[in-house]
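The values are calculated or read from the model by the stated rules, or taken from the named source; none is laboratory data. Values in this document were obtained by computation on a predicted structure and should not be read as measured data. Note that we place each Cβ from the backbone using ideal geometry, even for glycine, and neighbour counts take in every protein chain shown.
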Amino acid sequence: MKISAITLISLALVMSHVDAIEVVDNKGVNPEVTLVIMVAVDQLRRDRLTSNFPGGLGRLVRAGMDFSNAQLNHGMTNTCPGHAVMLTGVNPGRAGIPSNEYVDKDLWENRYCVHDDDPGSRVFGSSNQRSPRALKVTTLGDWLKAGDKETRVFAVGGKDRAVITMAGHGANGVYWFDNSQGIFTSSGYYVDQLPAYVSRFNGYNPGADGFLANMPEHWEHPPGSYRRDDYAGEDTEFKNSSGHPLKKGSLQDIGKQVYASPFLDSATFKLAKIIVEEEKLGQRMSTDVLAIALSATDTVGHSYGPFSAESEDTLNNIDQELGEFLSFLDTRVGVDRYLVVLSADHGVAELPEWSRENGRLECPEESGRADPIPFIVSLYWHVYRHYTFPFGNPLDLVRFAGSEVSVNRDYASAHDIDPLEVLAGLKSLLEAKTVIEKVWTSEEVLAGASSEAALLRNSYVEGKSGDLLLQVHPSCIIRSTGTTHGSVHSYDRNIPLVFFGGGIKPGVSNEEANSVDIGPTLAHFLGIENPPGLDGKVLTLNQLPLADPTQF
């Protein structure tokens with residue numbers, strides 16, 4: 001497999017704008033480690049990972065170095081920034097990734113975090129364009145490649161924004177599940193076409209001869225050990241009890257159903273094994289990187305909550321699949337020659353109904369919820385009535401992206417509108433909403449001395465972040481069913497962080513740790529240099545005595 005000429009030229013241009021990398025010999029402190037595996041479990045709260053799992057999750061916790069107080073060090077706790085920090089060593093603000101979506105102030109349009117205007121980055125089989133060009137810094141894979149051109153970097157997972165931000169700029173292959181097509185795909189940024197082994201995995205007729213063909217008609221699961229299966233507040237799109245559809249309707253329908261089930265993670269692990277085999281990762285003299293994004297926990301968690309029967313079954317499935325994957329690596333790569341890091345991009349709030357039943361609901365709104373549609377309509381009606389009536393479009397003046405609000409200065413100036421007046425009115429209106437604890441102005445974020453301000457500042461990107469940022473009360477959510485994340489609160493920021501494998505002794509550490517520390521810690525462990533001035537620090541690992549490097 002090769003990287004296209006267009007991509008090589010583009011990569012050179014991109015790398016000229018990211019942190020410099022010192023070129024060094026890869027074979028430093030731990031020459032026996034030939035494969036680094038980054039496993040990112042989307043939406044995995046730290047309190048859901050224990051040593052009691054019988055499979056791979058339990059093996060990591062019992063035999064790895066477990067940082068028991070790990071957290072995110074940024075305030076916009078969403079998928080794109082959560083994955084971007086893991087292998088870059090910098091906070092989302094410096095990485096250029098404020099959230100999953102942002103308002104481009106120059107173009108005045110909502111933009112996706114890994115969108116690329118270059119048509120050469122077209123996704124195969126899609127009109128979307130995806131690449132890591134928005135990522136303004138390099139990753140562990142880029143650092144390794146700078147010292148060893150034979151290093152190979154791959155990523156595979158359920159979401160494009162997860163795998164792209166972990167893989168970095170010079171990855172050899174990045175593959176994600178496109179639920180609109182029901183296949184794993186990539187973009188022209190990385191390769192001219194999908195490699196044959198990915199095409200075979202997808203199948204030439206995906207529903208008949210690809211990985212989808214082996215899936216059952218329905219997702220059947222046990223009732224769960226925390227609460228009844230059919231629970232108030234759960235999303236009903238794919239049923240809220242066992243017997244969820246997997247193969248109902250068109251291929252696009254099937255893709256969406258699989259995307260919201262643990263079978264997405266099973267397919268990810270199957271393709272990950274194929275990549276290791278076909279690309280001989282960890283089986284050469286160089287140190288390779290494979291990032292695995294397990295995304296089903298997020299889609300399932302949003303619909304049913306973290307303590308649902310569905311979420312429990314999804315995590316149990318990861319435990320089994322990861323156990324089989326580790327056994328595969330033991331044989332294929334060697335027990336002491338690979339290193340696994342397991343973490344998460346963010347946590348999640350409980351279902352408000354579940355919190356209320358258990359006496360934990362802190363939200364001043366009795367239901368714990370705000371329906372987003374009337375919430376947004378009321379705000380746009382305010383903008384229209386006061387500023388764009390009778391013929392103006394309120395979207396030309398104010399836009400939302402997630403929990404951030406932006407005001408168009410050019411439109412305001414052209415229509416003799418004071419943008420500060422608009423912001424003050426919106427701030428007052430928003431803070432009157434029961435579920436809103438505080439509305440931050442960008443000035444308050446940049447100058448604030450509180451811990452919340454510091455977290456939000458670590459997410460701030462000039463030209464992308466909003467003029468106002470909404471902070472909900474603890475355990476409040478703006479969603480009519482299911483649950484969500486994105487706040488500065490601990491349930492969204494507490495994550496697992498475990499290092500396991502070659503050279504790592506079992507242990508539990510209370511050291512303050514953040515996901516942004518993963519990249520610098522791995523670089524130090526591998527004995528390679530990383531760009532100067534990273535936000536993350538090197539964590540203390542219990543390391544076994546090293547073998548004589550001259551043996552390798």
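Residue check: G96 meets all listed conditions (1) touching a Ser or Thr at 6+ places or on another chain (Cβ under 9 Å); (2) at positive phi but one, namely (1). Among residues belonging to segment 431-454 that are in contact with a Ser or Thr (Cβ under 9 Å, 6 or more places away or on another chain) and aliphatic (A, V, I, L, M), point out the one that is nearest to E362 (Cα to Cα). If we take residues in segment 431-454 being in contact with a Ser or Thr (Cβ under 9 Å, 6 or more places away or on another chain) and aliphatic (A, V, I, L, M), then V439 is nearest to E362 (Cα to Cα).
For the structure I just gave you, tell me whether E462 is crowded, with 16+ Cβ neighbours inside 10 Å and not assigned by TED's automatic domain parsing to the domain that holds V90. Spelling it out, it is not the case that E462 is crowded, with 16+ Cβ neighbours inside 10 Å and not assigned by TED's automatic domain parsing to the domain that holds V90. Within segment 129-144, is there a residue that is more than 30 Å from T314 (Cα to Cα) and free of Cβ contacts under 8 Å to residues at least 12 places away in the same chain? No, there is no match, as no residue in segment 129-144 is more than 30 Å from T314 (Cα to Cα) and free of Cβ contacts under 8 Å to residues at least 12 places away in the same chain. Considering the conditions (1) touching a Ser or Thr at 6+ places or on another chain (Cβ under 6 Å); (2) over 24 Å from P531 (Cβ atoms), K145 is excluded by exactly one of them, (2). State yes or no: is V156 buried (at least 23 other Cβ atoms within 10 Å of the Cβ), touching a residue at least 40 places away in the same chain (Cβ under 8 Å), out of contact with any helix residue (DSSP H, G or I) (no Cβ under 6 Å at 6 or more places or on another chain) and closer than 24 Å to E310 by Cβ? No; evaluated as a whole, the condition is false for this residue.
Just one of the numbered conditions (1) modelled with pLDDT of 95 or more; (2) under 26 Å from the mean Cα position of the chain (by Cα) is not true of N240: (1).
What's the total number of residues in segment 459-505 that are in a strand (DSSP E or B) and among the hydrophobic types (A, V, I, L, M, F, W, C)? Walk me through how you get there before you give the answer.
Step one: filter segment 459-505 for residues in a strand (DSSP E or B), giving 468-472, 477, 494, 497-501, 504.
Remaining after also requiring among the hydrophobic types (A, V, I, L, M, F, W, C): 468-470, 472, 477, 497-500, 504.
Here the count works out to 10.
Could you go through segment 535-544 and let me know if any residue there is farther than 26 Å from L322 by Cβ, modelled with pLDDT of 95 or more, out of contact with any Ser or Thr (no Cβ under 6 Å at 6 or more places or on another chain) and exposed (fewer than 14 other Cβ atoms within 10 Å of the Cβ). Looking through segment 535-544, none of the residues is farther than 26 Å from L322 by Cβ, modelled with pLDDT of 95 or more, out of contact with any Ser or Thr (no Cβ under 6 Å at 6 or more places or on another chain) and exposed (fewer than 14 other Cβ atoms within 10 Å of the Cβ). If you check S187, S261, S250, S199 for being without any contact (Cβ under 8 Å) to a residue 12 or more places away in the chain and within 26 Å of the chain's Cα centre (by Cα), only one passes: S199. Taking the listed residues L497, L526, the one that is farther than 30 Å from S303 by Cβ, assigned by TED's automatic domain parsing to the domain that holds P92 and surrounded by 16 or more Cβ atoms within 10 Å (Cβ to Cβ) is L526, with no other qualifying. Residues of segment 406-453 that are in contact (Cβ under 8 Å) with a residue 60 or more places away in the chain and under 18 Å from H473 (Cα atoms): K433, T434, V435, E452.
What about L430, is it modelled with pLDDT of 95 or more, outside any strand (DSSP E or B), of a type in the set (A, V, I, L, M, F, W, C) and more than 27 Å from G82 (Cα to Cα)? Spell out the reasoning first.
On the way: modelled with pLDDT of 95 or more: yes; outside any strand (DSSP E or B): yes; of a type in the set (A, V, I, L, M, F, W, C): yes; more than 27 Å from G82 (Cα to Cα): no.
Judged against the criteria, L430 is not a match.
Among the numbered conditions (1) in a loop (DSSP other than H, G, I, E, B); (2) within 20 Å of K273 (Cβ to Cβ), the only one that G170 does not meet is (2). Among the residues making up segment 121-163, those that are within 24 Å of Y197 (Cα to Cα) and of a type in the set (A, V, I, L, M, F, W, C) are V123, F124, V153, F154, A155, V156, A162, V163. For segment 443-478, the tally of residues that are modelled with pLDDT of 95 or more and at positive phi stands at 1. Counted as qualifying within segment 202-303 are the helices (runs of 4 or more DSSP H) with 3 or more residues that are in contact with a Phe, Trp or Tyr (Cβ under 7 Å, 6 or more places away or on another chain), namely 263-279. The set of residues from segment 309-349 being without any contact (Cβ under 8 Å) to a residue 12 or more places away in the chain and farther than 26 Å from H524 by Cα comprises S327, T331.
Of the strands (runs of 3 or more DSSP E) contained entirely in segment 307-418, those carrying at least 1 residues that are surrounded by 17 or more Cβ atoms within 10 Å (Cβ to Cβ) and assigned by TED's automatic domain parsing to the domain that holds A523 fall at 338-343.
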